[in-house]
Amino acid sequence: MGYAVSQAGRGNQRNLTQTLALLQDIALLHPNVAPAIANVTDKLEHTRRVALIAQQFSQLRGLPSLGSEQLSLRQVVSDAITRRARWLHRRKVKARLGLLDAQLCVNAQALASLIDELINWAGGLAQDIGFAVREPTPAQPHPQLLVIARVNTASIAPDQWQNVGWYLWHQLARSMGANAELQVTQEALSVTMDFAPPETDFGGNF
């Protein structure tokens, strides 16, 4: 049953992705209809993301454990920003990425989904977002990812950033054993994601 749900989820996700790509191409070729298409693509993108997360949870809960591999955290973030280039451009969002890197031993699909949701969440709140990898140190032995949405926080209500995207990336982080800490200042919302080693017994506190 779990396998059938996973297969169906992958098929639906592929169809949604292809439809989104087609609509984005039409918008580029015909700028006069781009605003109308943007409303449709936003709704399709939301549906695609929910389908992706549902598929992810189905795999994590109903199937044998997914394999882990050694990954460059910075490269995964860079790849995710590249995949989201059209989405970011359409919303006039500038995404910055720091130079440091760290290695993680995690499931590649789960990490890519987590980063994608963080981009979606931060990019939905601010037009200037940033990602920085923190290498392990004796004081902080786990790799960390810092995500910053530079925005006047007084201008947005808490329910604007505690939204569906917020819930989705929290659940993905929890499934990977990562801990997240939010800091709110006048100028920005920032999330520090702490990736404990795979052999650690995670508590998953948020």
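Just so it is clear, none of the values below were taken in a lab; they were calculated from the coordinates. In this text, all values refer to a predicted model and were calculated from it rather than measured experimentally. Positions of Cβ are generated from backbone atoms using ideal geometry, with glycine treated the same way; all protein chains shown enter the neighbour counts.
Remarks
- A DSSP coil position with no more than 16 other Cβ atoms inside 10 Å describes the following trypsin sites (Lys or Arg not before Pro) in the range 90-121: R91, K92.
- Averaged over residues, the count of other Cβ atoms within 10 Å places the peptides 151-159, 188-196 in the sequence 188-196, 151-159, highest first.
- Taking Lys and Arg as +1 and Asp and Glu as -1, the other residues whose beta-carbon sits under 13 Å from that of A102 total -1.
- Charge context of I115, other residues only, Cβ under 12 angstrom, K/R +1, D/E -1: 0
- Ranked by how many other Cβ atoms sit within 10 Å of their own Cβ, fewest first, the residues I119, I81 fall in the order I81, I119.
- Neighbourhood charge, 9 Å Cβ-Cβ cut-off, centred on F131 and excluding it, Lys, Arg +1 and Asp, Glu -1: +2
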